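J.: The following block contains the structure, expressed as structure tokens.
What follows is calculated from the coordinates using simple rules that are stated; it is not laboratory data. Keep in mind the model is a prediction, meaning the values are calculated, not measured. In this analysis, Cβ positions are derived from the backbone assuming ideal geometry, glycine residues included, and neighbour counts consider all displayed protein chains.
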Amino acid sequence: MMRILRRYYLGEFLKLFLILSLGLSSVFSLIDLVNKIDDFIPYKPSAWDLLRYAALLFPGYLLYLLPMAALMSGLFVVGQAGRKKETVAIKTAGGRLKALFMPFVLFGILLSIASFVIGEFLVPDLSKKANRLRDSITRKEQTTTFQAGAGWMRTRDFIIKTDLCIPDSGVIKGISIMRIRDDMLIERIEAESAEWHPAWGSDPQTKGAWFLSGVTLYDVGTGSVKKFTVYPTDVIDAPRSLGKGMQKPEEMTMRDLFAYTKRLKEAGIKNIKLTVDIYARLSYPLINFIMLILGVSLAARGEQKSGLMIMAVGICVSVLYWFGYTASLSLGYTGILPPLLAAWLVPAVFGIGTMYLFQRIPE
């Protein structure tokens, strides 16, 4: 009998969960498309390209909406069972609610694993494809490509390779600048590093020039080699433009994040934000488990309360979680909290609290 009930309630949960998660993700993807439609319309894109762009955005929105869908589905299904006195009947017949809801715990664990897989292997790749499709629709030429901080840049007469580019700091390491004329290499510049010097003031984003250090200039035509301690150049884009071509954390896999962090460390640069993002990539999926068990626990403890009240309490708790989590990450970005603590503090506290509520479900 208990097996049948478990299957029934989990089935009802899955139906609502799929409707909410897939439906909301589709709606938000289309809203994103509508917000950008004014940028696309002048280029007369095909309906297929527009739908493909929305589809590429879908997994990203799904990743962020899974926790809310799990919370709402758990609250509704278990809350409905309580209001119909089904849980009372089960307890009267000698059934245990925690045993009844154990499949929800297992599903929460699987959902967290699935969330990690989506965020690690699906979203980064599709986010890059969406950006490339957007540039293709708007006919924007891709002149800068970065992977884990290393990159290639292309202008009309120059091809530029960098081992490590940090636009926010106005620093580049390991630079090769190749000057091309009539498809022939006529000059090559090798430099150990470069720093951005603005034309005026202290804003690193204003118009200025890059000053190369440890420079060797090879003139292919004459065969001459010249060395310079400092060599100014304006063939590399300003930090603001370079930053637009850099990969965002959501476009990177864990492997990319680790590789970029390693490059920065070898260059003597400590980027706390990237370290926090790495730990957050591991802690974020846990929110799916927490929200699901929280919804089940609150609904099971509120049999006599109205559905709207239970729903309101659950939403308030989820908002509190998001506020605490983002605040904790912000404290980690500023260095007030250690990166590991910043990413795991709120999930750990809410996880312990959620399991306590589950254990205290009235039998």
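J.: For a paramagnetic label modelled at 7 Å from the Cα of Asn35 toward its Cβ, which residues of segment 44-75 fall within the zone defined by backbone nitrogen distances under 11 Å?
T.: So the set is empty, nothing qualifies.
J.: Report the GluC sites (Glu not before Pro) located in segment 108-190 that are in a DSSP loop and have at most 13 other Cβ atoms inside 10 Å of their Cβ, or state none.
T.: Answer in residue order: Glu141.
J.: Report the gain in length on full extension from Met184 to Ile4: 0.36 nm times residue separation, minus Cα-Cα distance, nm rounded to one decimal.
T.: Value of the extension gain: 57.3 nm.
J.: Let me ask you something else. Might you report the magnitude of the Cβ-based charge dipole of the chain about its Cα centre, with Lys and Arg at +1 and Asp and Glu at -1, to the nearest 20 debye?
T.: I would put it at about 1380 debye.
J.: Related question: Select from Asp183, Asp157, Asp256 the residue whose mean-square fluctuation is largest in a Gaussian network model of the chain (Cα-Cα springs shorter than 10 Å).
T.: Asp183
J.: If I take R0 = 45 Å and measure r between the Cβ atoms of Val235 and Leu341 in this structure, what FRET efficiency does the formula 1/(1 + (r/R0)^6) give, to the nearest 0.05?
T.: The pair Val235/Leu341 has a calculated efficiency of 0.55.
J.: Out of segment 254-363, which trypsin sites (Lys or Arg not before Pro) are coil in DSSP terms and have no more than 12 other C-beta atoms within 10 Å?
T.: Lys270, Arg360
J.: Report the FRET efficiency, 1/(1 + (r/R0)^6), for Lys91 and Ile19, where r is their Cβ-Cβ distance and R0 is 25 Å, rounded to 0.05.
T.: Computed FRET efficiency for Lys91 and Ile19: 0.30.
J.: Could you tell me the calculated FRET efficiency between Val319 and Thr253, based on Cβ-Cβ distance and R0 = 30 angstrom, to the nearest 0.05?
T.: Given R0 = 30 Å and the Cβ-Cβ separation, E is 0.50.
J.: Helix check for the chain. Which DSSP H runs span at least 24 Å along their own axis by Cα, with a mean Kyte-Doolittle hydropathy no less than 0.0?
T.: Qualifying helices, which must be both long enough and hydrophobic enough, are 2-40, 47-83, 307-333, 339-359.
J.: Grab the Cα-Cα distance for Asp125 and Arg139, subtract it from 0.36 nm times how many residues apart they are, and report the gain in nm with one decimal.
T.: Taking Asp125 through Arg139 to full extension adds about 3.0 nm, to one decimal.
J.: Report the residue, chosen from Pro124, Pro232, Pro347, that carries the largest GNM mean-square fluctuation when the chain is represented by alpha-carbon nodes joined by springs under 10 Å.
T.: Of the options given, Pro232 has the highest mean-square fluctuation.
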